[in-house]
Amino acid sequence: MEAHAVLPDVIDMVPLHTLEVRYANNVEVNMGNELTPSQVKDLPVHLSWPKEEGALYTLCMTDPDAPSRKNQKFGESHHWLVVNIPENDVQRGKTLSEYVGTGDPKGGGVHRYVFLVYKQPRELKPDESVLSSRSADNRTNFKTTDFAKKYNLGNPIAGNFFQVQLDDYVSKLYNQSNVKL
């Protein structure tokens, strides 16, 4: 994470554990490997991290490179945000932002997509609006560390990330979200 500047662009401390993330067709996220938007267009089929019985967790997937790594004027753009996850059961958590696959603009170069898991001190009562996968509203200028501070989450306990560039799927994603390339 340090070699790809996830630290300090997204987090202040590298998580102790690696978050296991796998998409369909056994496509695995592996600390900066390059994937395609087509490979990650749907929710991961597997997520796992060291869990404590009875604990609740927050999961965030964010892109710090909006609109490009050299020009991060939109800050982080979160692509998925789920709180109050019991142990590793993401489906039973409260989704604040539905999953949106990668959607980098033309000329945006390689983007980093970072998954982070935080152990919650208690059940969260978030005041953020719930965002559907068809909404681009309120996804940019997000700051994972600010969200973590707001809810006293501390540092992430697990993380992983991949990198991606534009492919044909991106234009379909932008049409779905009513965003112009």
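The values are calculated or read from the model by the stated rules, or taken from the named source; none is laboratory data. Keep in mind that what you see is a predicted model, and the values were worked out from it rather than measured. Here the Cβ positions follow ideal geometry from the backbone for every residue, glycine too, while neighbour counts run over all protein chains shown.
Going by what's in this entry, would Ala66 be described as at pLDDT below 95, of a type in the set (Gly, Ala, Ser) and out of contact with any helix residue (DSSP H, G or I) (no Cβ under 8 Å at 6 or more places or on another chain)? Yes: the conditions hold for Ala66. Restricting attention to region 1-25, the residues that are in contact (Cβ under 8 Å) with a residue 24 or more places away in the chain and not in a loop (DSSP other than H, G, I, E, B) total 7.
For the condition touching a Ser or Thr at 6+ places or on another chain (Cβ under 9 Å), under 21 Å from Val29 (Cα atoms), surrounded by fewer than 19 Cβ atoms within 10 Å (Cβ to Cβ) and of a type in the set (Asp, Glu), what is the one hit in Glu98, Glu87, Glu128?
On the way: Glu87 fails: touching a Ser or Thr at 6+ places or on another chain (Cβ under 9 Å); Glu128 fails: under 21 Å from Val29 (Cα atoms).
Exactly one of Glu98, Glu87, Glu128 is touching a Ser or Thr at 6+ places or on another chain (Cβ under 9 Å), under 21 Å from Val29 (Cα atoms), surrounded by fewer than 19 Cβ atoms within 10 Å (Cβ to Cβ) and of a type in the set (Asp, Glu), namely Glu98.
Identify, please: which residue in region 42-56 is of a type outside the set (S, T, N, Q) and either modelled with pLDDT under 95 or not in a loop (DSSP other than H, G, I, E, B) (or both) and is, among those, nearest to Lys119 (Cα to Cα)? Ranking the candidates gives Leu56 first.
Listed by first and then second residue, the pairs linking a residue in region 55-73 that is within 20 Å of Phe147 (Cβ to Cβ) to a residue that is in a loop (DSSP other than H, G, I, E, B) and among the β-branched types (Val, Ile, Thr), with Cβ atoms under 9 Å apart and 6 or more places separating them unless they lie on different chains, are Tyr57/Ile157; Met61/Val100; Thr62/Val10; Asp63/Thr102; Pro64/Val10; Asp65/Val110; Ala66/Thr140. Within region 131-159, the set of residues being modelled with pLDDT under 95 and either of a type in the set (Asp, Glu) or exposed (fewer than 15 other Cβ atoms within 10 Å of the Cβ) (or both) comprises Ser132, Arg134, Asp137, Asn138, Asn141.
Taken together, the residues in region 1-45 that are of a type in the set (Val, Ile, Thr), surrounded by fewer than 16 Cβ atoms within 10 Å (Cβ to Cβ) and within 22 Å of Asn141 (Cα to Cα) amount to 1.
For the structure I just gave you, tell me whether Gly101 is small (Gly, Ala, Ser), in contact with a helix residue (DSSP H, G or I) (Cβ under 9 Å, 6 or more places away or on another chain) and within 20 Å of Glu20 (Cα to Cα). Show your work before the answer.
Values: small (Gly, Ala, Ser): yes; in contact with a helix residue (DSSP H, G or I) (Cβ under 9 Å, 6 or more places away or on another chain): yes; within 20 Å of Glu20 (Cα to Cα): yes.
When the stated conditions are applied, Gly101 passes them.
Pairing residues of region 27-47 that are without any contact (Cβ under 8 Å) to a residue 40 or more places away in the chain and more than 11 Å from Thr102 (Cα to Cα) with residues that are surrounded by 13 or more Cβ atoms within 10 Å (Cβ to Cβ) and of a type in the set (Gly, Ala, Ser), at Cβ distances under 7 Å and at least 6 apart in sequence or on separate chains, gives Val45/Ala24.
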